[in-house]
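*Asks:* One structure, as structure tokens, below. Some questions next.
The values are calculated or read from the model by the stated rules, or taken from the named source; none is laboratory data. Quantities reported herein were computed from a predicted structural model and do not represent experimental measurements. A quick note on method: Cβ atoms are made from the backbone with ideal geometry, for glycine too, and the neighbour counts reach across all protein chains shown.
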Amino acid sequence: MKRRKNIGLVAHDNRKKDLIEWVKFNKKILRDCNITCTGTTGKLVEDVLNSEVLGHEFVVRKMKSGPLGGDQQLGALIAEGEIDVMIFFWDPMAAQPHDVDVKALLRLTVLYNVVTASNRSTADFIISSPLFDSDYDVTLKDYSSYLHRSLEA
């Protein structure tokens, strides 16, 4: 993982306000990152990061809305090594029509050892860590033995 982090930002509808407040608070740090978001969240984040002129227009890479495949698109980016940190403010109190996609996305963050936060406290600890502003060697677990076991069954 390079010093300039590739961050995925996702928020369910009832958590978008919380994520946008977090982005506003951390705007200066986030402007030095590559940001990828799902759907509406991407437009909101881009607006916040461009609300103050800091030398250049900030562009957020926007995927589809989560229920329309955005979570799966982010999962593909994780599998390709293009996301270093996932900040996913999900709503634990509301059923999601794309719950299986959400679970698949979170599974991939664990599988590929992606730094992941699902709430403000964890996101604050991540972004304030000295490791956030440096290169970092991510250790990946070798899951190939699981694949061989399932093929033999």
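Each row is one residue, and each column tells you yes or no for (1) at pLDDT below 95; (2) assigned to a helix (DSSP H, G or I); (3) farther than 15 Å from Gly81 by Cα; (4) of a type outside the set (Asp, Glu).
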site	(1), (2), (3), (4)
Asp101	yes, yes, yes, no
Arg107	no, yes, no, yes
Ala123	no, yes, yes, yes
Leu140	yes, no, no, yes
Leu151	yes, yes, yes, yes
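*Asks:* Among the residues of region 1-60, what is the count of those that are in a helix (DSSP H, G or I), of a type in the set (S, T, N, Q) and closer than 13 Å to Phe88 by Cβ?
*Replies:* 1
*Asks:* How many of the residues making up region 127-142 are surrounded by 10 or more Cβ atoms within 10 Å (Cβ to Cβ) and in contact (Cβ under 8 Å) with a residue 40 or more places away in the chain?
*Replies:* 6
*Asks:* Hey, another quick one. Do the conditions hold for Phe25, that is, is it within 21 Å of Ser128 (Cβ to Cβ) and either surrounded by fewer than 22 Cβ atoms within 10 Å (Cβ to Cβ) or touching a His at 6+ places or on another chain (Cβ under 8 Å) (or both)?
*Replies:* When the stated conditions are applied, Phe25 passes them.
*Asks:* Turning to a different aspect of this structure: Report, by residue number, each residue of region 112-121 that is exposed (fewer than 15 other Cβ atoms within 10 Å of the Cβ) and over 19 Å from Lys2 (Cα atoms).
*Replies:* Ser121
*Asks:* Considering only region 81-100, state which residues are more than 14 Å from the chain's Cα centre (by Cα) and either crowded, with 20+ Cβ neighbours inside 10 Å or under 27 Å from Arg4 (Cβ atoms) (or both).
*Replies:* Answer for region 81-100, where residues must be more than 14 Å from the chain's Cα centre (by Cα) and either crowded, with 20+ Cβ neighbours inside 10 Å or under 27 Å from Arg4 (Cβ atoms) (or both): there is none.
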